[in-house]
1. Under the Kirkwood approximation for Rh and a Cα-based Rg, what ratio Rg/Rh is obtained for segment 82-154?
2. Roughly to the nearest percent, how much of the accessible area of the chain is carbon and sulfur, given a 1.4 Å probe?
3. Using R₀ = 51 Å, calculate the FRET efficiency as 1/(1 + (r/R₀)^6) where r is the Cβ-Cβ separation of GLU77 and ARG269; round to 0.05.
4. Using helices alone, what [θ] at 222 nm do you get for the chain, with -39,500 (n - 2.57) per DSSP H run of 4 or more residues, divided over all residues and rounded to the nearest 500?
5. What does the charge count around PRO112 come to, taking other residues whose C-beta lies under 14 Å from its C-beta (Lys +1, Arg +1, Asp -1, Glu -1)?
6. Would you mind computing, in nm to one decimal, how far apart the modelled labels at ALA99 and GLU18 are, each placed 7 Å from Cα along Cα→Cβ?
7. Taking 0.36 nm per residue of sequence separation and subtracting the Cα-Cα distance, how much length would be gained by fully extending the chain between MET1 and THR110, in nm to one decimal?
8. Could you calculate the contour length gain from GLU244 to ARG159, that is, 0.36 nm times the residue separation minus the distance between their Cα atoms, to one decimal place in nm?
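The values are calculated or read from the model by the stated rules, or taken from the named source; none is laboratory data. Because the structure is predicted, anything quoted here is derived from the model rather than measured. All Cβ positions, glycine included, derive from the backbone under ideal geometry; neighbour counts span all protein chains shown. All accessible areas refer to the heavy atoms of the entire protein, side chains included, with ligands and DNA or RNA removed. Shrake-Rupley method; radii C 1.70, N 1.55, O 1.52, S 1.80 Å.
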Amino acid sequence: MPDFLIGTGRCGSTLAYEVLAHHPLVGFVSRLDNRWARTPGPLRRHGGAIYRRLQAGPLTVSRRLGPSEAYVALSREVSPMITDPYRDLTAEDVTPWLARRLRRFFDGRTAPGGRFVHKFTGWPRATFLHAVFPDARFVHIVRDGRAVANSLAQMPWWRGHLGVPGWRFGPLPAGCAEEWEAGGQCLVHLAGLGWKTMMDRYETARATVPAEQWLEVRYEDLLADPRKHMDQILGFYDLPWTREFERSLGRQRFTRGRAEAYRTDLSARQLALLDRSLSPHLHRYGYRV
């Protein structure tokens with residue numbers, strides 16, 4: 001039975017996932033498994049353990065075995081419906097054949113006695129995943145929407161420059177569409193509206209999952225006190241704090257230099273648009289405007 005780490009994207013979930021991957025009991029889909037359809041079964045099930053042993057070896061080797069969101073493998077072995085939906089997936093999207101494939105995908109990669117944690121970004125998919133894996137736990141990494149919008153707009157793979165028809169997340173909700181038009185169709189604003197739309201879906205998904213199976217952690221809090229919040233995440237996943245994990249956490253760099261880079265990367269008008277548009281959501285998650 002897998003557990004999940006989820007977030008909107010550009011939210012700090014990759015950092016949390018890479019830290020988790022150093023825990024001696026955590027399994028994940030490796031980058032090699034994601035790209036190579038003929039990855040041997042033992043490497044699929046024990047890729048996490050091999051990755052941790054190789055950390056002292058050549059960096060390129062360990063990177064190839066590092067944790068992956070596995071969109072290539074999931075599309076190949078389960079369905080592109082999981083990896084590239086234009087809207088969030090719900091329990092209504094679960095079909096017997098899709099559930100069987102998804103269970104088989106994770107069962108074939110879980111080592112005996114270990115815990116398997118998989119990361120999804122973009123739509124939460126939590127309602128869908130909860131229907132397939134009723135006991136799965138979800139850690140939701142939250143980041144300031146202005147920082148997410150700033151980061152998204154700088155990514156070469158973000159398709160917001162094509163406008164709403166090309167950005168692959170379906171139509172903007174009516175209120176957001178009106179905001180975007182009123183703001184002059186600013187592309188940074190569109191990235192912020194994407195974050196707001198996603199966060200609405202995360203709140204809807206959270207209501208469908210039992211409270212004890214959902215944990216929210218702010219990225220900024222993780223950077224400020226990594227030990228405290230990683231301890232909280234491990235406890236939530238029923239993972240013990242080990243000496244090996246303690247050592248790996250000590251080697252990890254948690255830098256806060258880019259946490260508020262949006263204040264200097266964006267123009268005053270872009271910041272004003274984001275502040276005005278995202279204010280209710282930002283306040284809800286404890287961010288100051």
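1. Working: Rg = 14.6 Å, Rh = 14.2 Å.
So for segment 82-154, dividing Rg by the Kirkwood Rh gives 1.03.
2. Numbers: 7150 of 13590 Å².
It is 53 percent, rounded to a whole number.
3. Details: r = 46 Å, r/R0 = 0.90.
The pair GLU77/ARG269 has a calculated efficiency of 0.65.
4. Numbers: 16 runs with 147 residues, N = 289.
Per the formula, -14500 deg cm²/dmol.
5. Working: positive: ARG44, ARG45, ARG109, ARG115; negative: ASP107.
Result for the neighbourhood of PRO112: +3.
6. That separation, rounded to one decimal, is 3.7 nm.
7. On the way: separation 109, 0.36 × 109 = 39.24 nm, distance 0.83 nm.
Fully extending the segment from MET1 to THR110 adds 38.4 nm.
8. Details: separation 85, 0.36 × 85 = 30.60 nm, distance 4.02 nm.
Length difference between fully extended and current span is 26.6 nm.
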